[in-house]
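*Asks:* Questions regarding the structure given below will be posed in turn.
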Amino acid sequence: MSIFAGYQTDGFFDEMFQADGQPRPHYRKLYQRLCAMSPEEFRQRVRLAELTLFNQGVTFAVYGDKHGVEKPWPFDLIPRIIPAEEWDLLERGLTQRLTALNLFLYDIYHEQKILRDRVVPRELVVNAAHYRPEFHGADPPGKIYVHICGTDLIRDADGTYRVLEDNLRTPSGVSYVLENRSILTRVLPHVFRDLPVRPVDHYISHLLANLRELAPRGREADPTIVLLTPGVYNSAYFEHTFLAQQLGIELVEGRDLFVDDNIVYMKTTRGPQRVDVIYRRIDDDFLDPLVFRPDSLLGVPGLVNAYRAGNVALANSIGTGVADDKVVYAYVPRIIEYYLGEKPILPNVDTYLAWNPEHLKYILEHLDTLVVKAANESGGYGMLIGPQATREEREEFARKIHAQPRNYIAQPLVPLSRAPAFVGDHCEGRHVDLRPYLLAGKNGVTLVPGALTRVALRKGSYVVNSSQGGGSKDTWVLARETCMAQQMQESSTVTGYQTEKGE
Amino acid sequence: MRLRVYHTTRYLYPQPARESHNELRLMPRSDDDQTCLDFRLSITPQARIFAYDLPSGRVHHFNYRPPHNTLTIQAEALVVTHRSDPFYFLQLTTEDRAFYQLEGVRQRYAEFLAPTPRVPLVEDADRIAAIARRQAGASTASFLISLTRALYRVITYTPGATHVNTSLQQVLEKRQGVCQDFAHLMLAVCRRQGIPARYISGYLYTGQRHEETEAHLTAELPAPLVSGDAMHAWVECLMPDERWCGFDPTNNLLANDHYIKVHYGRDYNDVAPVRGVYHGPAEHTLEVSVRVVREA
Amino acid sequence: MLCRDADACYWIGRYVERAEATARMVDVHFHAGLETVSMQQESNPGRPLRWQSILTISGSLDDFRQRYREETDRNVLYFFAFDTENPNSILSTWTKARENARAIREQISSEMWESLNTSYHAFQRWDVDRILADSPHAFFQEVKNASHLFQGILNRTMMMGETREWLDTGRFLERGGQTARLLDVKCQDMLPALSLTSATMPALSDLVQVYSWMAALRSVSALEMYRKTYRDGIQPAHVVEFLVLNAQLPASVRHCIERVETCLRRISGNQSGEPMTWPERLLGRLRADLTYTRPEEIMQGGLHAFLQDVQNRCAEIGNAITHTYLSY
């Protein structure tokens, strides 16, 4: 009996299977190999993977859980496969999107042309929670605000990729892309055989090169780069240590740094050492108590002014959250057209803004079919899934929306695509999303061919966030089989850091 | 009018403070109404001073890391003010509310129409607006003059009645406050009426008897002008000619050439004259002295 | 190296060593107690002193008495092994070592982290009933082995560099202090009966005392080495000389202090004969005292006073290290 026995697509778009129950062409080899394993054999591999994750301490923390601060990272062994032509589309679409968003951020912190031309309503920007008027007029190196981005995509009923959310502040999860791959190659090595799975390891080299190029003038030769973490209790702390280790840079907390006369130093056993580039994983609000929240103990007083003076670089820059505000999201297609003169390659999910009186009326009349989201919450918090909510929950949300229309948006419930996930001794369809990671630098936007596929492990659930019962899958981007050798070569010349790695 | 400002801020710590970082918004603006000719800043103990510019004005900053028991910030400015007749531009009779409903206006000044943590748009503000409307002419300027007077009457200027974090609702309940409270309350009323309004921090020259100023709005018995021996705060509202006009509800005055603007913002948080963090004892003593003198 | 990271390494070193020292001490004391019970009971019915010295060594007598009514085996074993309110219990110290390691995972090898993490989970599978039902020795052996495994992995997987120096600094400073303390308390337990002021120590005839000294040696794994070094049996003066002044014994105070000094000189890069920092000055002075003092001199001045002084100086060295290198 195979682990796919009795598998049903239930009318959803399934990543692996066609509606007729046959595996899609790009999944065929994987399907055959997995079918050759008995459920018991597969379960052993699952246990092996779990043990590896546990001993390595690949974990995440859940806020509000007073017991185990860490939980093992739930990992589903069946990979998600993206064929080459789909990836091309995603790559072009995401590059276009991030390019436009960086232009948008530069504009709104300088001349505000797009606001004066009334393409985006000015009030939505200047009154957004994450807009930073304190940072108006400052010039980040290379005019780039977002260096590191993780965009959430979903596929709808007919398999169309749509952008659900741009994460432009401190997106996390890329460590799991790398860890998932490394575990899967150890636990199920044979399933990779002869499949043109493109490697993801060079993400780290790209990131390091991009961080280095941010170094202030005169410090380019050997810049000191650090990763600034809120500390061990942050939910993404594992990732911070992982990235610092992989990048070979110091992992620092705010208390390790200080600013003197607009220069940032870290406290070392041999005295102060100047810091040139900070990959910060602390939100704006907590970055510098002098400029932002004065009660923050996580940040570094004086950091923002040192940055403004160009004596240290930050990745990402300050104030990027205004562009991933869920209300501004609705305008991203227009933002792309405004700056690039192109049609958006990847569509948004249709979005209603409670801020707009006509939309507000529609939202309140259709609460039972819509998904309502708070504009500035993430991680699946502050959300109402209308069709699955109780009447009381809907009424409570209606009140909240009325009170602060600017803070809410609504979207139709998209029937997210599903992929098989292993549960107990067989596979069942579970909803998935896709988060590719983009890097923006002087030479434009780059994507590693890979992504985090998050999966809602609870049956029927649409919430893929790890804090709420989500897991993840390794995500394989396939090279074009015919010209694979050539493409590998190309990408290594483009990046220059391609590392040797299996298939 | 040539005015010279001496502004000293001194922090005294019971035990040594260290790692002190401060941002200063103390330098008067140069704009249509005034020109800052000279500005000097000195810090004791001595620290290197840096600066950057925001649309609202220049911000200075410095840090001092060694332990210290006192920190003194001295600012001296020479400013020439031009607005000798604040009524000169005001249109007092014609109805002009349509201007404030223009979508372009609402967008251009969106940040000065929105609530802030210190200026929630409380409903009680409408009652004050209604009182002001009753006694006002048709124009917005007339309404704002009336509103300035209404606030002056509703709230009693009481030094020490409130502190820096007193909420607007508490001020309304106590009907007492200092210039910051008057300004925040006026912002709330204006913004609820759809009139873009911004918080101004600055100095008021009080050396002259106020009866002589044409700006005095009421014929009632004169009270001495107050600026609280510290910086003063008032409000600027957007007029239908898209100029900003200053109103001082604490003194029931229009801002004339006795007023020196330092920074503007959405509320006090944007313009706090000294904002700092340090390691050390939580409690400290703050001494502020402000002197404004007229020069020939 | 970041001060905070160095501080974490230093404390990992100290906490792992402290967990091991606690395990050794309780293990030896528990088992020595079993053998000497019959003898002790003749002279001391009710064995009131069975656990008192060890509670004193760990500096936790007051804490223990505040929270426990009786010094039963069960209470004491729980207190030393699992009581998370006792900051020096094995579980507490190991947890803190692991917390520190978690905060600097990118600084240490992943094998080191895994070993601390795996042992942490293993210790949590024990409880006091299982210890008593099974064998206390098995548990304490597991703790000792976990510490040795950690040190072994450290030696094999860590770059020769500052991170390792800080781990070693913490480890040896802790070990030196623990040895001095152990000896101090043992002496106070046993020596009032003896005349300490005379330069010559009487040979022991009392079996209880012999067993106690053997326990002290065993708890720092020094009994066999002692036998090889001294052929005339267990003599208090020899034991003191061996545990304090011997240059080769891994647990001796002198050896530990020398190691700490070497580590700190590598950290500061000081190759001259002159001390460069405050901790180096303190360490050099203590090392000289331990090198040039003869056991008779210690006995003449009073062993307790001497050991007190050594412990105070170890604490002062710890403060100096923290102040000079590790405060952030």
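*Asks:* Out of the residues in segment A:244-278 that are polar (S, T, N, Q) and either in a strand (DSSP E or B) or within 11 Å of chain C (Cβ to nearest Cβ) (or both), state the one that is farthest from C:Tyr328 (Cα to Cα). Please lay out each step first, then the result.
*Replies:* If we filter segment A:244-278 for residues that are polar (S, T, N, Q), which is where we start, we get A:245-246, A:262, A:268-269, A:273.
With the extra rule that they be either in a strand (DSSP E or B) or within 11 Å of chain C (Cβ to nearest Cβ) (or both), the set shrinks to A:245-246, A:268-269, A:273.
Values: A:Gln245: 22, A:Gln246: 25, A:Thr268: 9, A:Thr269: 10, A:Gln273: 13 Å.
So the residue we want is A:Gln246.
*Asks:* Quick one: in segment A:21-52, which of the residues that are within 30 Å of C:Ile104 (Cβ to Cβ) and touching a helix residue (DSSP H, G or I) at 6+ places or on another chain (Cβ under 7 Å) is most open to solvent (accessible area, probe 1.4 Å)?
*Replies:* So, considering only residues that are within 30 Å of C:Ile104 (Cβ to Cβ) and touching a helix residue (DSSP H, G or I) at 6+ places or on another chain (Cβ under 7 Å), the one most open to solvent (accessible area, probe 1.4 Å) is A:Leu48.
*Asks:* Another question, if that's okay. Being of a type in the set (A, V, I, L, M) and within 14 Å of chain A (Cβ to nearest Cβ) narrows it down to one of B:Ala110, B:Ala136, so name that one.
*Replies:* B:Ala110
*Asks:* At least 3 residues that are in contact (Cβ under 8 Å) with a residue 40 or more places away in the chain and within 20 Å of the chain's Cα centre (by Cα) in each: list the helices (runs of 4 or more DSSP H) lying fully within segment A:290-370 that qualify. First the steps, then the outcome.
*Replies:* Values: elements: A:303-308, A:326-329, A:332-340, A:357-365.
Qualifying helices (runs of 4 or more DSSP H): A:326-329.
*Asks:* Take the conditions open to solvent by 30 Å² or more (accessible area, probe 1.4 Å) and not acidic (Asp, Glu) and apply them to A:Tyr381. Does it pass? Spell out the reasoning first.
*Replies:* On the way: open to solvent by 30 Å² or more (accessible area, probe 1.4 Å): yes; not acidic (Asp, Glu): yes.
Answer is yes for this residue.
*Asks:* Further question: Residues that are open to solvent by less than 20 Å² (accessible area, probe 1.4 Å) and under 19 Å from B:Gly194 (Cα atoms): which helices (runs of 4 or more DSSP H) entirely in segment B:72-146 hold 2 or more of them?
*Replies:* On the way: elements: B:98-101, B:103-108, B:124-134.
Counting at least 2 such residues, we get B:103-108, B:124-134.
*Asks:* Further question on the same structure: Are any of the residues in segment C:50-60 at pLDDT 85 or above, open to solvent by 10 Å² or more (accessible area, probe 1.4 Å), outside any helix (DSSP H, G or I) and within 27 Å of C:Arg175 (Cβ to Cβ)? Spell out how you get there, then give the answer.
*Replies:* Within segment C:50-60, the subset at pLDDT 85 or above is C:55, C:60.
Remaining after also requiring open to solvent by 10 Å² or more (accessible area, probe 1.4 Å): none.
No, segment C:50-60 contains no residue that is at pLDDT 85 or above, open to solvent by 10 Å² or more (accessible area, probe 1.4 Å), outside any helix (DSSP H, G or I) and within 27 Å of C:Arg175 (Cβ to Cβ).
*Asks:* Step by step: first the residues of segment A:123-146, then only those that are open to solvent by less than 10 Å² (accessible area, probe 1.4 Å) and part of a loop (DSSP other than H, G, I, E, B), then the one that is farthest from the other protein chains (Cβ to nearest Cβ). Which residue is that?
*Replies:* In this case the residue turns out to be A:Val146.
*Asks:* Now for a different question. Hey, any hits in segment A:430-450 for a residue that's of a type outside the set (Phe, Trp, Tyr), closer than 30 Å to A:Arg212 by Cα and without any contact (Cβ under 8 Å) to a residue 40 or more places away in the chain?
*Replies:* Within segment A:430-450, the first condition is being of a type outside the set (Phe, Trp, Tyr), and the residues that meet it are A:430-436, A:438-450.
If we keep only those that are closer than 30 Å to A:Arg212 by Cα too, we end up with A:434-436, A:438-450.
Keeping just the survivors that are without any contact (Cβ under 8 Å) to a residue 40 or more places away in the chain gives A:443.
The answer is yes, given that some residue of segment A:430-450 is of a type outside the set (Phe, Trp, Tyr), closer than 30 Å to A:Arg212 by Cα and without any contact (Cβ under 8 Å) to a residue 40 or more places away in the chain.
*Asks:* Go through (1) closer than 20 Å to B:Ala51 by Cβ; (2) touching a strand residue (DSSP E or B) at 6+ places or on another chain (Cβ under 9 Å); (3) more than 10 Å from chain B (Cβ to nearest Cβ) and name the single condition A:Tyr329 misses.
*Replies:* Among (1) closer than 20 Å to B:Ala51 by Cβ; (2) touching a strand residue (DSSP E or B) at 6+ places or on another chain (Cβ under 9 Å); (3) more than 10 Å from chain B (Cβ to nearest Cβ), A:Tyr329 violates only (1).
*Asks:* Now for a different question. Which residue pairs have Cβ atoms under 6 Å apart, sit 6 or more places apart or on different chains, and have a first residue in segment A:272-285 that is modelled with pLDDT of 95 or more and a second that is small (Gly, Ala, Ser)?
*Replies:* Qualifying pairs under 6 Å: A:Asp276/A:Ala215; A:Val277/A:Ala215; A:Val277/A:Ala313; A:Tyr279/A:Ala315.
*Asks:* Do we find a residue being within 28 Å of A:Pro412 (Cα to Cα), open to solvent by less than 10 Å² (accessible area, probe 1.4 Å), small (Gly, Ala, Ser) and in contact with a Pro (Cβ under 6 Å, 6 or more places away or on another chain) anywhere in segment A:346-354?
*Replies:* For segment A:346-354, residues within 28 Å of A:Pro412 (Cα to Cα), open to solvent by less than 10 Å² (accessible area, probe 1.4 Å), small (Gly, Ala, Ser) and in contact with a Pro (Cβ under 6 Å, 6 or more places away or on another chain): present.
*Asks:* So how many residues does segment C:85-98 have that are under 16 Å from C:Ala122 (Cα atoms) and either aromatic (Phe, Trp, Tyr) or touching a helix residue (DSSP H, G or I) at 6+ places or on another chain (Cβ under 8 Å) (or both)? Let's see the steps before the verdict.
*Replies:* First pass over segment C:85-98, keeping only residues under 16 Å from C:Ala122 (Cα atoms): C:89-98.
Keeping just the survivors that are either aromatic (Phe, Trp, Tyr) or touching a helix residue (DSSP H, G or I) at 6+ places or on another chain (Cβ under 8 Å) (or both) gives C:89-91, C:93-98.
So the answer is 9.
*Asks:* When the residues of segment A:224-235 are filtered to those that are crowded, with 21+ Cβ neighbours inside 10 Å and part of a loop (DSSP other than H, G, I, E, B), which remaining residue is farthest from the other protein chains (Cβ to nearest Cβ)? If you could, list the steps in order and put the result at the bottom.
*Replies:* Taking segment A:224-235 and keeping what is crowded, with 21+ Cβ neighbours inside 10 Å, we get A:225-230.
From what's left, part of a loop (DSSP other than H, G, I, E, B): A:229-230.
Details: A:Thr229: 10, A:Pro230: 12 Å.
Among them, the one singled out is A:Pro230.
*Asks:* Sticking with this structure for a sec: Just the residues that are within 9 Å of chain B (Cβ to nearest Cβ) and either basic (Lys, Arg) or within 27 Å of the chain's Cα centre (by Cα) (or both), please, taken from segment A:105-122. If you could, list the steps in order and put the result at the bottom.
*Replies:* As a first pass, look at segment A:105-122 and keep what is within 9 Å of chain B (Cβ to nearest Cβ): A:115-116, A:118, A:121-122.
Scanning segment A:105-122 gives A:Arg116, A:Arg118, A:Pro121, A:Arg122.
*Asks:* Could you check segment C:118-141 and list, in sequence order, the residues that are more than 20 Å from A:Leu51 (Cβ to Cβ) and not aliphatic (A, V, I, L, M)?
*Replies:* Filtering segment C:118-141 down to residues more than 20 Å from A:Leu51 (Cβ to Cβ) leaves C:126-141.
Passing the criteria: C:Trp126, C:Asp127, C:Asp129, C:Arg130, C:Asp134, C:Ser135, C:Pro136, C:His137, C:Phe139, C:Phe140, C:Gln141.
*Asks:* Same structure, new question: If you check C:Leu286, C:Leu326, C:Leu303, which single one turns out to be in contact (Cβ under 8 Å) with a residue 60 or more places away in the chain and away from chain A (no Cβ under 14 Å)? It would help to see each step written out before you state the result.
*Replies:* On the way: C:Leu286 fails: in contact (Cβ under 8 Å) with a residue 60 or more places away in the chain; C:Leu326 fails: away from chain A (no Cβ under 14 Å).
Matching residue, one of C:Leu286, C:Leu326, C:Leu303: C:Leu303.
*Asks:* Then there is this: Looking at this structure, is B:Tyr6 within 12 Å of chain A (Cβ to nearest Cβ) and open to solvent by 20 Å² or more (accessible area, probe 1.4 Å)?
*Replies:* no
*Asks:* Of the residues that sit in segment C:99-125 and are part of a loop (DSSP other than H, G, I, E, B) and of a type in the set (A, V, I, L, M, F, W, C), which one is nearest to the other protein chains (Cβ to nearest Cβ)? Don't jump to the end; show me each part of the working.
*Replies:* Our first condition is that a residue be part of a loop (DSSP other than H, G, I, E, B); within segment C:99-125, this holds for C:104-109, C:125.
Remaining after also requiring of a type in the set (A, V, I, L, M, F, W, C): C:104, C:108.
Details: C:Ile104: 7, C:Ile108: 10 Å.
Taking the candidates together, the pick is C:Ile104.
*Asks:* What's the number of the only condition in (1) surrounded by fewer than 24 Cβ atoms within 10 Å (Cβ to Cβ); (2) under 27 Å from the mean Cα position of the chain (by Cα) that A:Gln273 fails to meet?
*Replies:* Status for A:Gln273: all satisfied but (2).
*Asks:* To continue, here is another question. Can you name the residue in segment A:383-413 that is in contact with a Phe, Trp or Tyr (Cβ under 9 Å, 6 or more places away or on another chain) and among the small types (Gly, Ala, Ser) and is also farthest from A:Val463 (Cα to Cα) among such residues?
*Replies:* Filtering segment A:383-413 for residues that are in contact with a Phe, Trp or Tyr (Cβ under 9 Å, 6 or more places away or on another chain) and among the small types (Gly, Ala, Ser), the one farthest from A:Val463 (Cα to Cα) comes out as A:Ala410.
*Asks:* Still on this structure, I have one more. Need the failing condition index for C:Asn75 against (1) among the polar types (S, T, N, Q); (2) open to solvent by less than 20 Å² (accessible area, probe 1.4 Å); (3) outside any loop (DSSP other than H, G, I, E, B), just the number.
*Replies:* (2)
*Asks:* Starting from segment C:141-166, take each residue that is of a type in the set (Ser, Thr, Tyr) and list its partners that are buried (at least 19 other Cβ atoms within 10 Å of the Cβ) and in a helix (DSSP H, G or I), counting only C-beta distances under 6 angstrom and pairs at least six apart or across chains.
*Replies:* Cβ pairs passing all conditions: C:Ser147/C:Val16; C:Ser147/C:Glu20; C:Thr163/C:Cys9.
*Asks:* Which of (1) in a loop (DSSP other than H, G, I, E, B); (2) in contact (Cβ under 8 Å) with a residue 40 or more places away in the chain does A:His110 not meet, given it meets every other one?
*Replies:* If we test A:His110 against (1) in a loop (DSSP other than H, G, I, E, B); (2) in contact (Cβ under 8 Å) with a residue 40 or more places away in the chain, just (2) comes out false.
For every residue, the table says whether it meets (1) modelled with pLDDT of 95 or more; (2) hydrophobic (A, V, I, L, M, F, W, C); (3) under 23 Å from the mean Cα position of the chain (by Cα).
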| position | (1), (2), (3) |
| --- | --- |
| A:Asn102 | yes, no, yes |
| A:Asp139 | no, no, no |
| A:Asp156 | no, no, yes |
| A:Arg162 | yes, no, yes |
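*Asks:* Conditions: (1) touching a helix residue (DSSP H, G or I) at 6+ places or on another chain (Cβ under 7 Å); (2) open to solvent by less than 20 Å² (accessible area, probe 1.4 Å); (3) within 14 Å of chain C (Cβ to nearest Cβ). A:Thr241 meets all but one. Number of the miss?
*Replies:* (1)
*Asks:* Also: Going by the structure shown, is C:Ser115 surrounded by 19 or more Cβ atoms within 10 Å (Cβ to Cβ), hydroxyl-bearing (Ser, Thr, Tyr), closer than 16 Å to A:Asn55 by Cα and in contact with a helix residue (DSSP H, G or I) (Cβ under 6 Å, 6 or more places away or on another chain)? Reasoning before the result, please.
*Replies:* Details: surrounded by 19 or more Cβ atoms within 10 Å (Cβ to Cβ): yes; hydroxyl-bearing (Ser, Thr, Tyr): yes; closer than 16 Å to A:Asn55 by Cα: yes; in contact with a helix residue (DSSP H, G or I) (Cβ under 6 Å, 6 or more places away or on another chain): yes.
When the stated conditions are applied, C:Ser115 passes them.
The values are calculated or read from the model by the stated rules, or taken from the named source; none is laboratory data. None of these values were measured; they are calculated from a predicted model. In this analysis, Cβ positions are derived from the backbone assuming ideal geometry, glycine residues included, and neighbour counts consider all displayed protein chains. These area figures cover heavy atoms from the full protein model, side chains too; ligands, DNA and RNA do not enter into them. Shrake-Rupley method; radii C 1.70, N 1.55, O 1.52, S 1.80 Å.
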